[in-house]
Structure formats: structure tokens, C-alpha cells
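Below is one structure, written out as C-alpha cells; the observations come after it.
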Amino acid sequence: MIKLIISTILIVLGLIVVITAAVGNYRFAYVLNRMQVGSTADTLGASLVISGLIVYSGFSLISLKLVMMIVFLWVANPVASHFLAKTEIIENEDILDECEVVRHDSI
Amino acid sequence: MFILLFLLWVALNGKITVEIIVIGFVVTLGVYAFAWKCLDYSVKSDIHFFKNFFWIILYIFVLIYEIIKSSLSVVLIAFKQDIEIQPQIVFFEVKLKNKVLLTVLANSITLTPGTMTVDVEENRFCVHALDKSMAEGIEDLVFVKLLMKMEENV
């Protein structure tokens, strides 16, 4: 019973995060800002839902496979968003209208 | 790493029979040889991994904590009445040299919502941040300190 309650709470929290990402996608205007909000759904939302499922299935092989799913999501997701961001910054000529550039290095 | 791969094979199969063990042994050997030949793998890196085991576990927990913290701030921004944000692109340097650790750092920066790695050249990072407050402490992140300790151990 406690297992069910904990897993329900985790899954509902994850769904709230995913809904937030969907709402945020409409509220922000610029590509990179939208991607930032969208990545919340991928990292926290998906992993909360999956950890809810892990709690529900208990200590078994299924939960081991679910943990592997989280690991794969967390390794694969940054690569994709990094390439999208790089392409956007290279392509967009008016990038300075959208963001302020700050330099902390010694070049 | 050989043992880890073999355990992964057994875990994915879900049961232990003679066939599974024999086939798994052959497949694991093949993957191991591939990693040795093409992915710059050696027994040395295994030893480094176990030396840094404590730091890696600590790093994972810090990463989860940071993700939850910054997700909350992004969620709060998304539900505000009027969105006032100042997106920034920040260039900064870190003192790390190891390429694997640099990749780990870039991935963790992208993984935390609100900041995103745009480009990495040697040890210079170019990071896009959703708001000024997120870009502020980016030079001395917790990740960098932990990774520096890992590099000392190598």
C-alpha cells in the first residue's frame, strides 16, 4: 500500500513537470529558451515517472532495466540538445538581439 | 569491465542457463575486444575508475540535487505572470585537462535545466543560460571542484 502511494506521488510529480514544460514551450518566444524548458521534461520529468515505476515494481530485474533507461536518457539527451543549440548559434545572425554575451575567460 | 558486461548480459536475459552463459561469454569477449581496439580502452582505465569510485557516487548525487534545484527555478519562471528573463551566453575557462572529464562536465551542464553547453574548445566553454541568476556562479560550479579532485587521483 505504501509502495503504491509513493509511486503515485512520484509519477504525478513527474507529470506536473512534463505539463510545465509543455506550457513553457508556448510561453517562451526564442528557440534556445524553449529548449531549456523542454529539457526539464526530458531530465526531471521522465526520470521522476520512471523512478515511480521503479518503486512500484520493487526490487526486481524490471527495475534494473528501468534504471538503465534513466542512465541512457541522461547520457543521450545532452548530446542532442547541444547539437541543436550549436546549429542555432551558428545559423542565427541576429543572436545578439536575443542574448547578452558575457566573457569570463582570458582571451 | 568484462565482468560488468557479462553481468549486464545475464541481467538482460533474466535467467541463467548453459546456453545463455556460453553465448554471453562469446558476445562479451567480442565487445571487450572492440572496446580494446577502437575505443582506447585498457585495464588502466578500469583501475582509475575504481580509485575514483567514491567521487563518482558523490558526483551522481550532487548532479541529481542540482537538477532538482534548477528545475524548480525553471518551473517557477515558466508559470510567472509576465516573463522577464535575460538570456545570456557566457564564455569561461576551466582548469581540467582530461578529455573524458571535460565531456562529463559539458553533459552535466546541459543536463541541468536552465543552462546548456553550446560549444567546447579545449578547456573553454560556451554556455547559454536562461536567466542572469543562473549564469552567475557558473565559473565555480560544484561539478568543476569534484572533477578536479577526480583528476588529481588519476
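A few notes on this one:
- Within region A:1-86, helices (runs of 4 or more DSSP H) holding 2 or more residues that are among the aliphatic types (A, V, I, L, M), at the interface with chain B (Cβ under 10 Å from one of its Cβ atoms) and crowded, with 16+ Cβ neighbours inside 10 Å: A:2-27, A:31-40
- Being of a type outside the set (Ser, Thr, Tyr), under 16 Å from the mean Cα position of the chain (by Cα) and crowded, with 19+ Cβ neighbours inside 10 Å holds for only one residue in B:LEU146, B:LEU130, and it is B:LEU146.
- Helices (runs of 4 or more DSSP H) lying entirely in region B:1-56 (those with 1 or more residues that are away from chain A (no Cβ under 14 Å), more than 23 Å from the chain's Cα centre (by Cα) and closer than 20 Å to B:VAL100 by Cα): B:18-38
- Some residue of region A:98-106 being polar (S, T, N, Q) and either part of a helix (DSSP H, G or I) or more than 10 Å from every other protein chain (Cβ to nearest Cβ) (or both): no
- Residues of region B:65-93 that are surrounded by 14 or more Cβ atoms within 10 Å (Cβ to Cβ) and more than 22 Å from A:ALA22 (Cβ to Cβ): B:GLU66, B:GLN88, B:ILE89, B:VAL90, B:PHE91, B:PHE92, B:GLU93.
Each value in this text was obtained by applying a stated rule to the coordinates, not by laboratory testing. The model shown is predicted, which means the values in this text are computed figures rather than measured ones. Every residue, glycine as well, gets a Cβ built from its backbone with ideal geometry; the counts of neighbours run over all protein chains shown.
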